[in-house]
1. To the nearest whole number, what is the average tally of beta carbon atoms from other chains within 10 Å of the beta carbons of peptide A:56-64?
2. Between helix A:39-58 and chain A, what is the angle of the helix's C-alpha long axis to the longest principal axis, kept within 0 to 90° and rounded to the nearest 10?
3. Can you give me the angle between helix A:189-205 and the longest principal axis of chain A, using Cα atoms only, in degrees from 0 to 90, rounded to the nearest 10?
4. Starting from the Cα of residue B:62, step 7 Å along the direction of its Cβ; do the same at residue A:74; then give the gap between the two resulting points in nm.
5. Say each of residue B:9 and residue A:221 gets a label point 7 Å from the Cα, pointing the same way as Cα to Cβ; how far apart are those two points in nm?
6. Could you tell me the center-to-center distance, by alpha carbons, between the range A:96-157 and the range A:200-218 in angstrom?
7. What FRET efficiency do you get for residue A:102 and residue A:205 if R0 is 45 Å and r is their Cβ-Cβ distance, rounded to the nearest 0.05?
8. Nearest-5 percent of antiparallel DSSP beta bridges in the range A:139-279?
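Every read-out reported here was derived from the displayed coordinates using simple, explicitly stated rules and does not represent laboratory data. Computed from a predicted model, the values in this text were never measured in an experiment. All Cβ positions, glycine included, derive from the backbone under ideal geometry; neighbour counts span all protein chains shown.
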């Protein structure tokens, strides 16, 4: 397949989304350089990607007969400089994203597609951190990125048509479908989803219903594949609180101020599936 | 975690898997019940089943064996374990 050999990815940040995207790409035959600041995180990420590749294969979502792309892990950002596409997937904290995007955009050649897997921070804010904002575009991959076919593409005010065409080509090579939205805090998905999760947690906090009942109602009555609180556990409650803060600061919407129960979960280290416990308990299933 | 089990006959594996599933999903299941069709098992839990079988029976489930159909029921998983324990592929 010539279309996959044209591409090489650098993924910045080896957390939940970074390893998801690395799995998606290598599973579609595209080589990935995965960058993080910590060797221990990278060692864990290699195992995680291997497990996620097995999961993807189990679910029958990888193209048959296509050799896997190579996965290289590194702490040196310079190793990402040769990629045709860079995907930033670091923590949803503006200072962190600013530092990483400023550094990487100074390293890559002009013509390198620069994607932010931002959750809520507008592309317009990030445009100020890079020298060629026309090459910057947002792609909001879902979690798990290798199972959910649809992605949200965010066109910043400065994003060029050529960049939009190129991001579509990369997403096609990754077997993804996309819908394009204009720039705004949280875009479409998270502007809807994050306040919904926050409100679901608030209902539990107020004693209106248990975690199981809230999820059960959304699944049974509204057809959600995964209830909002189980979704929160999958995303990571710590990441959700970061994103809600970003949304609250930028929209002033009181529905976006993280509720006490969410903050409590973060303080207690119950961040969701990745720590074995969040709104639901995964410790037995994770053994 | 359980270590490799040297005694692997169909009855032992089936009983162990039924006990494992009952504990995890809090619902009794039949050996021939389609776990996915009944909505008892999510795609995330399917992966836990892979890890459980690999760790418990000291097998590696790779390549064409790694397909959802092999995890669809306790019977299917039992057959997979026995086949891989024997060290012969499904097609000989």
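1. Partner Cβ neighbours, averaged per residue: 4.
2. Helix A:39-58 sits at roughly 80 degrees to that axis.
3. 30 degrees
4. A separation of 2.7 nm, rounded to one decimal place.
5. Going by the 7 Å Cα→Cβ label model, 5.3 nm.
6. 34 Å
7. 0.70
8. Of all bridge pairs located within the range A:139-279, approximately 35 percent are antiparallel.
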